[in-house]
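Note sheet for the following structure.
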Amino acid sequence: MYEHKFVKVDLSAFKRTPEEDYHSVVYEHEKEGWELIQIFAPGIKSYGMPSFYELIFKRKKD
């Protein structure tokens with residue numbers, strides 16, 4: 001069995017760049033045993049650009 005975690009990374013309104021370092025988010029979660037399985041962009045806004053990314057992690061349940 002696995003547990004999943006969804007982490008939202010907002011993008012700046014003008015440049016559409018991440019407001020936080022998503023690399024750091026991945027590294028920190030890996031230290032806790034999480035594995036990145038997907039980066040998803042569900043919040044499509046103007047000009048077809050996403051407004052945020054969602055990082056999806058999983059790890060085995062104890």
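FYI, it's all coordinate maths here, none of it is from the lab. None of these values were measured; they are calculated from a predicted model.
Using C-alpha pairs under 8 Å with a sequence gap of at least 6, the mean separation divided by the residue count of the stretch 13-62 gives a relative contact order of 34 percent.
Applied to the stretch 4-20, the Karplus parametrisation 6.51 cos²θ - 1.76 cosθ + 1.60 on θ = phi - 60° returns per-residue 3J(HN,Hα) values of 10, 9, 10, 10, 8, 10, 6, 9, 4, 5, 8, 7, 6, 9, x, 7, 9 Hz, with x for Gly and Pro. For the stretch 10-62, the Kirkwood hydrodynamic radius from C-alpha pairs, put into Stokes-Einstein at 25 °C and a viscosity of 0.890 mPa s, yields a diffusion coefficient of 201 µm² per second. For the chain, the longest principal axis of the Cα atoms and the long axis of helix 22-31 meet at an angle of about 10 degrees. Please enumerate, by chain and number, the aspartates and glutamates with C-alpha under 17 Å from the C-alpha of Lys58, excluding those fewer than 8 residues away in the same chain. By straight Cα distance, Lys58 reaches Glu3, Glu28, Glu30, Glu32, Glu35.
For a straight C-alpha distance cut-off of 19 angstrom, the lysines reachable from Lys60 (same-chain residues fewer than eight places away being disregarded) are Lys5, Lys31.
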